[in-house]
Amino acid sequence: MSLRVDMEAIGDILIVRLDGELDHHTSEVLRSQMEGQINDTDVRHVLLSLKNLHFMDSSGLGVILGRYKQITARGGDMIVCSINPVIYRLFELSGLFKIIKVKDSEEEALHILGVA
Amino acid sequence: MEKGKMNFMELNFAARSENEGFARIAVAAFLSRLPLNLDEMEEIKTVVSEAVTNAIIHGYEEDEQGAVMISTFYDQYAVEIVIEDHGIGIADVEEARQPLFTTKPELERSGMGFTIMENFMDVMEITTEIGRGTRIRMVKNLVKNEMLCN
Ligand SMILES: Nc1ncnc2c1ncn2[C@@H]1O[C@H](COP(=O)(O)OP(=O)(O)OP(=O)(O)O)[C@@H](O)[C@H]1O
Ligand SMILES: [Mg+2]
(Lines give C-alpha, C1' and ligand atoms only; values in the text may rest on other atoms or scores of the structure.)
(Ligands and ions follow the chains in the order given, each with its own letter.)
Protein backbone atom coordinates (compact mmCIF):
# COMPACT_ATOMS: atom_id res chain seq x y z
CA MET A 1 0.00 0.00 0.00
CA SER A 2 1.95 2.96 -1.14
CA LEU A 3 1.82 6.39 -2.65
CA ARG A 4 4.15 7.77 -5.29
CA VAL A 5 4.49 11.55 -5.32
CA ASP A 6 5.83 13.09 -8.51
CA MET A 7 6.56 16.83 -8.47
CA GLU A 8 7.38 19.04 -11.42
CA ALA A 9 7.74 22.82 -11.53
CA ILE A 10 6.58 24.75 -14.58
CA GLY A 11 7.40 28.41 -13.99
CA ASP A 12 5.84 29.31 -10.65
CA ILE A 13 3.42 26.36 -10.76
CA LEU A 14 4.13 23.19 -8.80
CA ILE A 15 2.50 20.18 -10.43
CA VAL A 16 2.00 17.32 -7.97
CA ARG A 17 0.95 13.98 -9.46
CA LEU A 18 -0.24 11.27 -7.08
CA ASP A 19 -0.07 7.59 -7.94
CA GLY A 20 -1.41 4.95 -5.55
CA GLU A 21 -3.32 5.28 -2.26
CA LEU A 22 -3.65 8.35 -0.05
CA ASP A 23 -4.58 7.47 3.55
CA HIS A 24 -3.40 8.39 7.06
CA HIS A 25 -0.23 6.30 6.58
CA THR A 26 0.82 7.83 3.25
CA SER A 27 -0.48 11.36 3.91
CA GLU A 28 2.50 12.08 6.21
CA VAL A 29 4.92 11.67 3.30
CA LEU A 30 2.84 13.83 0.98
CA ARG A 31 2.49 16.53 3.63
CA SER A 32 6.23 16.82 4.31
CA GLN A 33 7.23 16.68 0.62
CA MET A 34 4.73 19.33 -0.48
CA GLU A 35 5.36 21.51 2.56
CA GLY A 36 9.09 21.43 1.79
CA GLN A 37 8.65 22.34 -1.89
CA ILE A 38 6.24 25.18 -1.15
CA ASN A 39 8.49 26.63 1.59
CA ASP A 40 11.86 26.21 -0.12
CA THR A 41 11.06 27.34 -3.67
CA ASP A 42 9.31 30.27 -5.40
CA VAL A 43 6.21 28.22 -6.10
CA ARG A 44 3.06 30.34 -6.29
CA HIS A 45 0.38 27.93 -7.46
CA VAL A 46 -0.23 24.22 -6.99
CA LEU A 47 -1.82 21.88 -9.51
CA LEU A 48 -2.74 18.57 -7.93
CA SER A 49 -3.34 15.77 -10.41
CA LEU A 50 -5.30 12.79 -9.03
CA LYS A 51 -5.47 10.88 -12.31
CA ASN A 52 -3.62 7.83 -10.92
CA LEU A 53 -4.87 8.11 -7.35
CA HIS A 54 -6.84 4.90 -6.80
CA PHE A 55 -7.84 5.44 -3.19
CA MET A 56 -8.31 8.37 -0.84
CA ASP A 57 -10.01 8.88 2.53
CA SER A 58 -10.51 11.84 4.90
CA SER A 59 -6.76 11.92 5.60
CA GLY A 60 -6.36 13.07 2.00
CA LEU A 61 -8.94 15.83 2.48
CA GLY A 62 -6.98 17.05 5.52
CA VAL A 63 -3.61 17.17 3.80
CA ILE A 64 -5.06 18.84 0.67
CA LEU A 65 -6.87 21.48 2.74
CA GLY A 66 -3.66 22.07 4.72
CA ARG A 67 -1.65 22.72 1.53
CA TYR A 68 -4.47 24.88 0.15
CA LYS A 69 -4.19 27.11 3.23
CA GLN A 70 -0.41 27.18 2.89
CA ILE A 71 -0.44 28.24 -0.78
CA THR A 72 -3.29 30.76 -0.50
CA ALA A 73 -1.54 32.38 2.49
CA ARG A 74 1.23 33.20 0.00
CA GLY A 75 -1.25 34.71 -2.45
CA GLY A 76 -1.32 31.65 -4.71
CA ASP A 77 -4.02 29.29 -5.85
CA MET A 78 -4.64 25.53 -5.93
CA ILE A 79 -6.39 23.55 -8.66
CA VAL A 80 -7.21 19.84 -8.45
CA CYS A 81 -7.73 17.80 -11.63
CA SER A 82 -8.70 14.33 -12.88
CA ILE A 83 -10.70 13.16 -9.84
CA ASN A 84 -12.38 9.71 -9.88
CA PRO A 85 -16.10 9.46 -8.95
CA VAL A 86 -15.76 8.09 -5.39
CA ILE A 87 -13.05 10.61 -4.46
CA TYR A 88 -15.21 13.30 -6.10
CA ARG A 89 -17.96 12.51 -3.56
CA LEU A 90 -15.51 12.95 -0.67
CA PHE A 91 -14.68 16.43 -1.96
CA GLU A 92 -18.37 17.18 -2.37
CA LEU A 93 -19.33 16.03 1.15
CA SER A 94 -16.54 18.07 2.73
CA GLY A 95 -17.44 21.27 0.89
CA LEU A 96 -13.87 21.54 -0.48
CA PHE A 97 -15.28 22.34 -3.93
CA LYS A 98 -16.56 25.63 -2.54
CA ILE A 99 -12.97 26.82 -2.19
CA ILE A 100 -10.81 24.64 -4.43
CA LYS A 101 -11.20 24.78 -8.22
CA VAL A 102 -11.56 21.50 -10.07
CA LYS A 103 -10.77 20.71 -13.72
CA ASP A 104 -11.08 17.56 -15.81
CA SER A 105 -7.51 17.52 -17.06
CA GLU A 106 -4.03 18.92 -16.40
CA GLU A 107 -4.18 20.94 -19.64
CA GLU A 108 -7.39 22.71 -18.60
CA ALA A 109 -5.99 23.39 -15.13
CA LEU A 110 -2.73 24.81 -16.53
CA HIS A 111 -4.75 27.00 -18.86
CA ILE A 112 -6.62 28.50 -15.89
CA LEU A 113 -3.28 29.17 -14.18
CA GLY A 114 -2.09 31.08 -17.23
CA VAL A 115 0.07 28.47 -18.98
CA ALA A 116 -0.98 27.78 -22.59
CA MET B 1 -28.73 -11.94 9.63
CA GLU B 2 -29.99 -15.51 9.49
CA LYS B 3 -27.60 -18.06 11.01
CA GLY B 4 -26.48 -20.71 8.54
CA LYS B 5 -27.08 -18.51 5.53
CA MET B 6 -24.48 -16.00 6.68
CA ASN B 7 -20.75 -15.91 6.01
CA PHE B 8 -18.32 -14.15 8.37
CA MET B 9 -14.69 -13.18 8.84
CA GLU B 10 -12.75 -11.67 11.76
CA LEU B 11 -9.49 -9.75 11.93
CA ASN B 12 -7.48 -8.59 14.94
CA PHE B 13 -4.41 -6.46 14.27
CA ALA B 14 -1.99 -3.93 15.79
CA ALA B 15 -3.06 -0.27 15.77
CA ARG B 16 -0.31 0.72 13.34
CA SER B 17 -0.93 3.03 10.40
CA GLU B 18 0.67 0.63 7.90
CA ASN B 19 -2.16 -1.81 8.69
CA GLU B 20 -4.84 0.59 7.34
CA GLY B 21 -4.22 -0.52 3.77
CA PHE B 22 -4.14 -4.18 4.78
CA ALA B 23 -7.46 -3.85 6.63
CA ARG B 24 -9.43 -2.34 3.76
CA ILE B 25 -8.01 -4.77 1.21
CA ALA B 26 -8.66 -7.78 3.46
CA VAL B 27 -12.33 -6.76 3.83
CA ALA B 28 -12.64 -6.10 0.08
CA ALA B 29 -11.09 -9.51 -0.70
CA PHE B 30 -13.55 -11.25 1.64
CA LEU B 31 -16.47 -9.52 -0.12
CA SER B 32 -15.12 -10.02 -3.64
CA ARG B 33 -17.70 -12.66 -4.63
CA LEU B 34 -20.65 -10.39 -3.83
CA PRO B 35 -22.58 -8.46 -6.50
CA LEU B 36 -21.03 -5.11 -5.60
CA ASN B 37 -19.99 -2.73 -8.36
CA LEU B 38 -16.58 -1.05 -8.37
CA ASP B 39 -17.83 2.17 -6.78
CA GLU B 40 -19.62 0.27 -3.99
CA MET B 41 -16.43 -1.70 -3.29
CA GLU B 42 -14.46 1.58 -3.11
CA GLU B 43 -17.06 2.98 -0.71
CA ILE B 44 -16.61 -0.05 1.57
CA LYS B 45 -12.82 0.31 1.46
CA THR B 46 -13.19 4.00 2.31
CA VAL B 47 -15.40 3.44 5.37
CA VAL B 48 -13.13 0.67 6.68
CA SER B 49 -10.20 3.05 6.32
CA GLU B 50 -12.11 5.80 8.18
CA ALA B 51 -13.05 3.64 11.16
CA VAL B 52 -9.63 1.95 11.42
CA THR B 53 -7.84 5.31 11.19
CA ASN B 54 -10.11 6.71 13.91
CA ALA B 55 -9.29 3.75 16.18
CA ILE B 56 -5.56 4.35 15.66
CA ILE B 57 -5.49 8.16 15.88
CA HIS B 58 -8.27 8.88 18.37
CA GLY B 59 -9.01 5.60 20.16
CA TYR B 60 -5.37 4.75 20.93
CA GLU B 61 -3.85 8.19 20.26
CA GLU B 62 -1.23 6.45 18.08
CA ASP B 63 -0.14 4.01 20.78
CA GLU B 64 0.75 0.99 18.64
CA GLN B 65 0.22 -1.41 21.58
CA GLY B 66 -3.51 -1.17 20.91
CA ALA B 67 -5.46 -3.70 18.85
CA VAL B 68 -8.18 -3.07 16.26
CA MET B 69 -10.85 -5.69 15.58
CA ILE B 70 -12.90 -6.03 12.43
CA SER B 71 -15.80 -8.45 11.99
CA THR B 72 -17.46 -8.73 8.61
CA PHE B 73 -20.67 -10.62 7.86
CA TYR B 74 -22.77 -11.02 4.76
CA ASP B 75 -25.78 -12.87 3.49
CA GLN B 76 -27.75 -12.41 0.28
CA TYR B 77 -29.28 -9.15 1.47
CA ALA B 78 -26.57 -7.14 3.18
CA VAL B 79 -22.97 -6.67 4.29
CA GLU B 80 -22.30 -5.80 7.93
CA ILE B 81 -18.95 -4.47 9.15
CA VAL B 82 -18.09 -3.94 12.82
CA ILE B 83 -14.88 -2.11 13.75
CA GLU B 84 -13.84 -1.93 17.41
CA ASP B 85 -11.10 -0.55 19.61
CA HIS B 86 -10.44 -0.67 23.37
CA GLY B 87 -9.27 2.93 23.43
CA ILE B 88 -10.35 6.13 25.14
CA GLY B 89 -13.95 6.26 23.92
CA ILE B 90 -15.98 9.28 22.75
CA ALA B 91 -17.39 11.77 25.27
CA ASP B 92 -20.11 13.31 23.07
CA VAL B 93 -21.24 11.14 20.16
CA GLU B 94 -23.70 13.68 18.72
CA GLU B 95 -20.95 16.28 18.53
CA ALA B 96 -18.47 13.75 17.05
CA ARG B 97 -20.91 12.92 14.22
CA GLN B 98 -21.18 16.55 13.08
CA PRO B 99 -19.50 17.28 9.73
CA LEU B 100 -16.16 19.09 10.20
CA PHE B 101 -16.03 18.37 13.96
CA THR B 102 -12.59 17.16 15.02
CA THR B 103 -10.67 17.04 18.29
CA LYS B 104 -7.36 16.86 16.39
CA PRO B 105 -7.16 19.90 14.08
CA GLU B 106 -3.39 20.12 14.79
CA LEU B 107 -3.00 16.80 12.92
CA GLU B 108 -4.77 18.31 9.88
CA ARG B 109 -7.84 16.14 10.41
CA SER B 110 -10.88 17.43 8.54
CA GLY B 111 -13.63 16.06 10.79
CA MET B 112 -15.28 14.23 7.89
CA GLY B 113 -14.80 10.56 8.86
CA PHE B 114 -18.23 9.90 10.40
CA THR B 115 -19.98 11.96 7.70
CA ILE B 116 -18.33 9.80 5.02
CA MET B 117 -19.28 6.57 6.84
CA GLU B 118 -22.91 7.75 7.11
CA ASN B 119 -23.07 8.71 3.45
CA PHE B 120 -21.38 5.66 1.97
CA MET B 121 -23.29 3.08 4.06
CA ASP B 122 -26.99 2.46 4.74
CA VAL B 123 -26.55 2.16 8.51
CA MET B 124 -23.82 3.61 10.77
CA GLU B 125 -24.10 3.18 14.54
CA ILE B 126 -21.62 4.25 17.21
CA THR B 127 -21.43 2.52 20.60
CA THR B 128 -18.85 3.94 22.96
CA GLU B 129 -17.85 4.18 26.60
CA ILE B 130 -15.21 6.48 28.07
CA GLY B 131 -12.10 4.53 28.97
CA ARG B 132 -13.51 1.29 27.48
CA GLY B 133 -13.51 1.84 23.72
CA THR B 134 -15.61 2.39 20.62
CA ARG B 135 -17.56 0.12 18.30
CA ILE B 136 -18.74 1.21 14.86
CA ARG B 137 -21.38 -0.93 13.15
CA MET B 138 -22.10 -0.32 9.48
CA VAL B 139 -24.46 -2.02 7.04
CA LYS B 140 -24.66 -1.81 3.27
CA ASN B 141 -27.73 -3.34 1.64
CA LEU B 142 -27.09 -5.52 -1.38
CA VAL B 143 -30.54 -5.81 -2.88
CA LYS B 144 -32.42 -2.66 -2.06
CA ASN B 145 -35.77 -3.62 -3.61
CA GLU B 146 -35.89 -7.13 -2.13
CA MET B 147 -35.23 -5.64 1.31
CA LEU B 148 -38.51 -3.74 1.04
CA CYS B 149 -40.44 -6.93 0.28
CA ASN B 150 -39.19 -8.67 3.44
N1 LIG C 1 -12.46 5.32 17.73
C2 LIG C 1 -12.51 6.52 18.32
N3 LIG C 1 -12.13 6.67 19.61
C4 LIG C 1 -12.18 7.88 20.22
N5 LIG C 1 -12.63 9.01 19.62
C6 LIG C 1 -13.05 8.92 18.36
C7 LIG C 1 -13.02 7.68 17.63
N8 LIG C 1 -13.50 7.91 16.39
C9 LIG C 1 -13.82 9.21 16.34
N10 LIG C 1 -13.55 9.84 17.51
C11 LIG C 1 -13.82 11.26 17.82
O12 LIG C 1 -14.79 11.75 16.92
C13 LIG C 1 -14.28 12.88 16.19
C14 LIG C 1 -14.85 12.91 14.79
O15 LIG C 1 -14.36 11.78 14.03
P16 LIG C 1 -14.28 11.91 12.45
O17 LIG C 1 -13.70 10.67 11.90
O18 LIG C 1 -15.60 12.36 11.92
O19 LIG C 1 -13.26 13.14 12.26
P20 LIG C 1 -11.68 13.16 12.47
O21 LIG C 1 -11.16 11.78 12.59
O22 LIG C 1 -11.37 14.09 13.57
O23 LIG C 1 -11.18 13.79 11.09
P24 LIG C 1 -11.07 13.01 9.68
O25 LIG C 1 -11.80 11.69 9.82
O26 LIG C 1 -11.74 13.89 8.67
O27 LIG C 1 -9.63 12.84 9.44
C28 LIG C 1 -12.77 12.76 16.28
O29 LIG C 1 -12.12 14.00 16.12
C30 LIG C 1 -12.59 12.14 17.67
O31 LIG C 1 -12.65 13.14 18.67
MG1 LIG D 1 -11.66 10.27 11.25
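The values are calculated or read from the model by the stated rules, or taken from the named source; none is laboratory data. In this text the structure is predicted, and so the values were computed from the model without any measurement. Ideal geometry is used to build each Cβ from the backbone, glycine not excepted, and the neighbour counts take in all protein chains shown. Protein only, heavy atoms only, side chains kept; ligands, DNA and RNA dropped before computing areas. Shrake-Rupley method; radii C 1.70, N 1.55, O 1.52, S 1.80 Å.
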Rank these residues by their accessible area, most exposed first, probe 1.4 Å: A:111, A:54, A:24.
-> A:111, A:54, A:24
Would you calculate the separation in nanometres between label points at residue A:4 and residue A:28, each defined as 7 Å from the Cα along the Cα-to-beta-carbon direction?
-> 2.3
Give the residue from B:23, B:37, B:53 lying farthest towards the positive end of the charge dipole for the range B:19-107; charges sit on Cβ (+1 for Lys and Arg, -1 for Asp and Glu) and the dipole is referred to the Cα centre.
-> B:37
Take every DSSP beta bridge with both residues inside the range A:1-77 and express the antiparallel ones as a percent of the total, to the nearest 5.
-> 45
For the range A:28-53 and the range A:1-24, what is the separation of their Cα centres, given in Å?
-> 7
How big is the charge dipole of chain A about its Cα centre, in debye rounded to the nearest 20, if each Lys and Arg gets +1 on its Cβ and each Asp and Glu gets -1 on its Cβ?
-> 340
Length-normalised contact order for chain A - Cα pairs under 8 Å, 6+ apart - percent | 24
Interchain or sequence-distant (5+) residues whose placed amide H lies within less than 5 Å of the amide H of residue A:48 are A:16, A:79, A:80, A:81
Out of all DSSP beta bridges with both ends in the protein assembly as shown, state the antiparallel percent to the nearest 5.
-> 70
Debye, to nearest 20: dipole size of the protein assembly as shown, +1 on Lys, Arg Cβ, -1 on Asp, Glu Cβ | 340
Compute the distance in nm between two label points, each set 7 Å from the Cα along the Cα-to-Cβ direction, one at residue B:118 and one at residue B:130.
-> 2.3
Evaluate peptide B:115-121: per residue, the Cβ atoms of other protein chains within 10 Å of its Cβ; return the mean as an integer.
-> 3
Largest-first ordering by accessible area, 1.4 Å probe, given options A:98, B:140, A:51 = A:98, A:51, B:140
Other chains' Cβ within 10 Å of A:23-31 residues: what's the mean?
-> 5
Integer Hz, Karplus 6.51/-1.76/1.60 couplings in order for the range A:39-52, x for Gly and Pro = 6, 8, 10, 8, 4, 10, 10, 10, 10, 9, 9, 9, 3, 9
Relative contact order %, chain B, counting alpha carbon pairs below 8 Å whose residues are six or more apart | 25
So how do B:130-139, B:28-37 stack up, highest first, on mean other-Cβ count within 10 Å?
-> B:130-139, B:28-37
Equivalent-ellipsoid semi-axes of the protein assembly as shown, from the Cα gyration tensor, Å, largest first = 35, 21, 16
Note down, for chain B, the three equivalent ellipsoid semi-axes (square root of 5 times each alpha carbon gyration tensor eigenvalue), biggest first, whole angstrom.
-> 26, 17, 14
Heavy-atom accessible surface buried between A and B, both sides counted, 1.4 angstrom probe, nearest 100 Å², is 2100
With all protein chains modelled, accessible area of residue B:122 [1.4 Å, Å²] = 80
Shielding of A:61-71 by other chains, given as the mean Cβ count within 10 Å, works out to 3
Treating only the Cβ atoms of Lys and Arg (+1) and Asp and Glu (-1) as charged, compute the dipole magnitude of chain B about its Cα centre; round to the nearest 20 debye.
-> 480
Taking the convex hull of Cα positions in chain A, its mean projected area over all directions (nm²) | 6.3
